[in-house]
Amino acid sequence: SLPSPAAGRKEGRDDDAGEMAASEESDAMKQFKELQSKYIETTQRNKRLKDIVLKSKQDIHRAALTGTELSNLPEDIPCYEPVGRSFVREPVATIMSKLQDNVKKAGEEIEKAEGQSVHLQKVINETETNIRELLAANPGLQEELLKNGYVQ
């Protein structure tokens, strides 16, 4: 016996519902992947900013040590400043001035990088919250992530 047309429509609706559920899960998976890549990218940018801050602090410390040593020298002692692979003779006052400029520039870099880092940390926290909400709203996504090896 042949199935009735009404039964065929009912089965079609079930298939549509199954396709919609699969589509929703794949949409959730796409959202998860987008959030994950945003999280990774932002975390890497934040780490680079922290490296910049660390390098600038080292530059400030190095300039302070050099300045301390140079301040103990008499003004008439010849000093040499490295320029690439060679050295150029400079007066102590000129070298001290350049060291102060370097400290000022490093301080500005630290301020700028720390401001950007604060912003990026907010973005990271927001992205983490969005990922948690996405996982809480889509229990099927959690299973799919486990199945595909995203989460252990």
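Of the residues in region 20-33, at least one is at pLDDT below 90, more than 30 Å from Ile124 (Cα to Cα), out of contact with any Gly (no Cβ under 8 Å at 6 or more places or on another chain) and assigned to a helix (DSSP H, G or I). Mind checking whether some residue in region 114-129 is more than 13 Å from the chain's Cα centre (by Cα) and either of a type in the set (A, V, I, L, M) or under 30 Å from Pro78 (Cα atoms) (or both)? No, region 114-129 contains no residue that is more than 13 Å from the chain's Cα centre (by Cα) and either of a type in the set (A, V, I, L, M) or under 30 Å from Pro78 (Cα atoms) (or both). Screening Tyr80 with (1) surrounded by 11 or more Cβ atoms within 10 Å (Cβ to Cβ); (2) among the hydroxyl-bearing types (Ser, Thr, Tyr); (3) out of contact with any strand residue (DSSP E or B) (no Cβ under 6 Å at 6 or more places or on another chain) gives one miss only, at (3). For Ile124, the stated conditions do not hold, so it cannot be described as farther than 30 Å from Gln36 by Cα, of a type in the set (A, V, I, L, M) and out of contact with any Pro (no Cβ under 7 Å at 6 or more places or on another chain). Of all the residues in region 104-138, those that are open to solvent by less than 30 Å² (accessible area, probe 1.4 Å) and not hydrophobic (A, V, I, L, M, F, W, C) number 3. The single condition from (1) over 31 Å from the mean Cα position of the chain (by Cα); (2) among the aliphatic types (A, V, I, L, M); (3) open to solvent by 70 Å² or more (accessible area, probe 1.4 Å) that Leu70 fails is (3). So, of the residues in region 63-78 that are among the polar types (S, T, N, Q) and outside any loop (DSSP other than H, G, I, E, B), which turns out to be modelled with the lowest pLDDT? Ranking the qualifying residues of region 63-78, first place goes to Ser71. Annotation note: Cβ proximity below 8 Å between a residue of region 105-116 that is assigned to a helix (DSSP H, G or I) and a residue that is among the basic types (Lys, Arg) (sequence gap 6+ or interchain) occurs for Ala106/Lys57; Ile110/Lys57; Ala113/Lys50. Only one of the listed residues (Asn125, Asn102) is polar (S, T, N, Q), under 30 Å from Thr43 (Cα atoms) and free of Cβ contacts under 8 Å to residues at least 12 places away in the same chain. That residue is Asn125. Say whether the condition of being at pLDDT 85 or above, closer than 30 Å to Gln121 by Cβ and surrounded by 11 or more Cβ atoms within 10 Å (Cβ to Cβ) is met by at least one residue in region 83-103. Yes; the residues of region 83-103 include at least one that is at pLDDT 85 or above, closer than 30 Å to Gln121 by Cβ and surrounded by 11 or more Cβ atoms within 10 Å (Cβ to Cβ).
The values are calculated or read from the model by the stated rules, or taken from the named source; none is laboratory data. Note that this is a predicted model, so its numbers are computed, not measured. Cβ: placed from backbone, ideal geometry, glycine included. Neighbour counts: every protein chain shown. Protein only, heavy atoms only, side chains kept; ligands, DNA and RNA dropped before computing areas. Shrake-Rupley method; radii C 1.70, N 1.55, O 1.52, S 1.80 Å.
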